[in-house]
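To keep things clear, I will list the structure first and then write my remarks on it.
The values are calculated or read from the model by the stated rules, or taken from the named source; none is laboratory data. Please read all numbers here as calculations on a predicted model, not as lab measurements. A quick note on method: Cβ atoms are made from the backbone with ideal geometry, for glycine too, and the neighbour counts reach across all protein chains shown. Areas reflect the complete protein model, heavy atoms only, side chains present, ligands, DNA and RNA absent. Shrake-Rupley method; radii C 1.70, N 1.55, O 1.52, S 1.80 Å.
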Amino acid sequence: MAVPGSKSVTARALFLAAAAEGESVLRRPLLSDDTDGFAQALADLGYGVHRAADEWRITGRPQGPSEPAAEVDCRDAGTAARFLPALASAAAAGTYRFDASPQMRRRPVAPLTDALRALGVDLTHDGAEGHLPLTVRAAGMKGGDVVLDASLSSQFLTALLMTGPLTAGGLRIKVTGIVSVPYVEITLAMMRSFGVDVTREGDTFVVPPGGYRAADYAIEPDASAASYVFAAAALAGRTATVPGLGKGALQGDLQFVEVLRAMGADVEVGANATTVTGTGRLSGVTVNMRDISDTMPTLAAIAPFADGPVRIEDVYNTRVKECDRLDACATNLRAQGIAVETGTDWIEIHPGTPAPVQIACHGDHRMAMSFAVAGLRTPGTTFDDPSCVKKTFPGFHEFFADLRSSWGV
């Protein structure tokens with residue numbers, strides 16, 4: 001079952017290609033609202049962006065945007081809102097204003113902008129401090145030592161890591177409270193593919209100067225999107241195989257299948273594909289999802305069908321995503337008649353039979369897709385905003401309808 005390309009990998013590849021000397025080719029990129037917005041933002045900044053069906057060609061400019069000034073709309077995309085101001089900050093010159101949707105304006109960027117200011121970047125928040133909109137007045141970055149709080153999002157660290165080679169002297173980034181470590185590993189692996197090796201000294205990442213070289217880069221399938229397919233197989237007692245995601249996959253969210261294994265599903269991770277087969281039974285489980293928190297809603301939605309409580313821990317950062325996902329999951333499950341307890345960074349869901357209700361998506365693609373999976377066992381489930389899936393998986397509902405039909409469920 002083919003799932004779309006990875007949003008996380010596509011966004012990083014767009015940044016790296018824009019920063020590299022020469023033309024890069026990105027193969028099988030994800031086309032969604034987030035990645036379309038990122039690519040359009042690069043074009044608005046003056047980078048060469050040429051898109052065909054299965055490949056995008058990006059002409060890089062290590063010296064920064066060709067436009068001396070630009071207004072950039074980051075839409076709902078956290079990657080664009082966190083990565084692109086950092087990219088612009090390293091430009092030799094220029095004034096660039098970044099804004100976003102009301103939803104994205106509510107999400108924090110302060111850890112990143114504080115770090116950029118500490119590195120000498122002239123950056124102002126045009127509305128609420130620590131949030132978009134913001135304006136960067138670029139004059140090059142010398143680099144040096146900086147301390148970064150990465151406890152809310154690994155995207156702040158990724159933005160600085162990818163910007164490091166564009167600075168005059170490189171960066172030494174001391175990190176506190178890092179979350180979603182596998183996403184950082186994606187960043188480091190992709191930087192190597194574009195010619196940069198980052199070293200680590202304890203809690204400090206050392207990024208050398210010198211820039212990137214263009215690459216021909218294949219985007220792997222999205223492991224977060226694959227979590228819905230794997231969860232559906234475990235829930236419905238069917239088999240699902242996703243090609244392109246195997247032992248060598250970059251994305252840590254593939255580890256979600258190990259949660260399903262612990263709950264009783266049969267799991268096979270091969271060299272180039274992963275298969276999950278439902279066994280007709282799901283066991284309760286306690287799991288730390290700090291590093292795979294984007295799959296927390298997937299597990300929460302199917303948790304009532306387990307034979308014991310499902311407790312998900314260390315997921316505070318899900319409260320500052322497109323919505324407060326921990327609270328949104330709890331509210332929707334309670335509306336379905338399920339007993340749920342929550343704390344600052346955890347949720348515990350008790351077994352039950354969910355009632356068919358209208359799911360409140362809060363404009364969050366992961367709410368819609370996660371509860372669509374649970375809908376396999378709860379016919380009549382509807383959504384107040386089904387189109388929000390366009391953010392990362394525009395064809396999700398059609399894809400999932402075909403999946404249900406092929407399984408006869």
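Taking region 216-354 on its own, what percent of its Cα-Cα pair distances exceed 26 Å? Write down the numbers at each step before the final one.
Values: 2043 of 9591 pairs.
The calculated P(r) of region 216-354 puts 21 percent of pairs beyond 26 Å.
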(request) Would you list, by chain and number, the lysines whose Cα falls below 20 Å from the Cα of Lys321, excluding same-chain residues fewer than 8 positions away? (result) Lys7, Lys390, Lys391
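Set the Förster radius R0 to 25 Å, insert the Cβ-Cβ distance between Lys390 and Glu258 as r into 1/(1 + (r/R0)^6), and round the FRET efficiency to 0.05. Kindly include the intermediate steps, with their values, before the conclusion.
Values: r = 30 Å, r/R0 = 1.18.
Taking R0 as 25 Å, the efficiency between Lys390 and Glu258 is 0.25.
Can you give the FRET efficiency for Thr342 and Arg281, using 1/(1 + (r/R0)^6), R0 = 25 Å, r = Cβ-Cβ distance, to the nearest 0.05? Display every interim value, and only then the final one.
Working: r = 26 Å, r/R0 = 1.04.
My answer for the efficiency is 0.45.
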(request) Starting from the Cα of Val147, step 7 Å toward the Cβ, then list every residue of region 96-129 with an amide N under 20 Å from that point. (result) 109-121
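Which whole number in µm²/s is D for the chain by Stokes-Einstein, with the Kirkwood Rh taken over Cα pairs at 25 °C and 0.890 mPa s? Walk me through the intermediate numbers first.
On the way: Rh = 21.5 Å.
Value of D from the Cα-based Kirkwood radius: 114 µm²/s.
Taking a cut-off of 15 Å, what percent of all Cα-Cα pairs in region 34-91 are separated by more than that? All intermediate terms of the calculation are to be shown ahead of the outcome.
Working: 763 of 1653 pairs.
Everything past 15 Å amounts to 46 percent.
Within the accessible area of region 325-405, what % is carbon and sulfur when the probe is 1.4 Å and the other protein chains stay in place? Can you show the working numbers first?
On the way: 1600 of 3130 Å².
For region 325-405, the apolar C and S fraction of the accessible surface comes to 51 percent.
Does region 150-198 classify as rounded, prolate or oblate by the C-alpha gyration tensor (a ≥ b ≥ c root eigenvalues; a/c under 1.5 gives rounded; else a/b over b/c gives prolate, otherwise oblate)? Display every interim value, and only then the final one.
Numbers: a/c = 2.48, a/b = 1.35, b/c = 1.84.
Judged from the Cα gyration tensor, region 150-198 comes out oblate (a/c at least 1.5, b/c at or above a/b).
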(message) I'd like the accessible area for Glu313: 1.4 Å probe, protein heavy atoms, all chains in place, Å² to the nearest 10.
(response) 60
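Name the shape class, rounded, prolate or oblate, that the alpha-carbon gyration tensor gives for region 227-293, where a ≥ b ≥ c are the square roots of its eigenvalues, rounded holds for a/c under 1.5, and otherwise prolate holds if a/b is larger than b/c and oblate otherwise.
Oblate shape, in that a/c is at least 1.5 and b/c is the bigger or equal ratio.
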(request) Return the percentage of antiparallel bridges among DSSP beta bridges fully within the chain, rounded to the nearest 5 %. (result) 65
(message) For region 288-352, take N as its residue count and report Rg(C-alpha) divided by 2.2 N^0.38 Å.
(response) 0.98
(request) Using label points projected 7 Å from each Cα along Cα→Cβ, tell me how many nm separate Glu129 and Ala401, to one decimal. (result) 5.0
(message) Leaving ligands and nucleic acids out of the surface, order Glu398, Glu23, Glu220 by accessible area at 1.4 Å, largest first.
(response) Glu398, Glu23, Glu220
(message) If you count only protein heavy atoms and use a 1.4 Å probe, how large is the accessible surface of Arg75, to the nearest 10 Å²?
(response) 60
(message) Over 10 Å intervals from 0, what percent of Cα-Cα pairs in region 158-234 sits in each interval?
(response) 16, 42, 25, 13, 3, 0
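Please work out the average accessible area per residue across region 85-135, using the 1.4 Å probe convention, and give it in Å².
Details: 1720 Å² over 51 residues.
Accessible surface, normalised per residue, equals 34 Å².
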(request) Just grab the label-to-label distance for Ala69 and Arg117, each label 7 Å out from Cα along the Cβ direction, in nm (one decimal). (result) 2.3
(request) Report the full-extension gain for the segment Arg51 to Asp216: residue separation times 0.36 nm, less the Cα-Cα distance, to one decimal in nm. (result) 58.0 nm
(request) Averaged over every viewing direction, what's the projected area of the C-alpha convex hull for region 1-140? Give it in nm², one decimal, please. (result) 8.0
(request) Set the Förster distance to 35 Å, then compute FRET efficiency between Thr176 and Glu268 from the Cβ-Cβ distance, nearest 0.05. (result) 0.35
(request) Sort region 91-179 into rounded, prolate or oblate with this rule: let a ≥ b ≥ c be the square roots of the eigenvalues of the Cα gyration tensor; rounded if a/c is under 1.5, and if a/c is not under 1.5, prolate when a/b is larger than b/c, oblate otherwise. (result) oblate
(message) Could you compute the net charge surrounding Glu322? Neighbours are other residues with a C-beta less than 15 Å from the C-beta of Glu322; K and R count +1, D and E count -1.
(response) +3
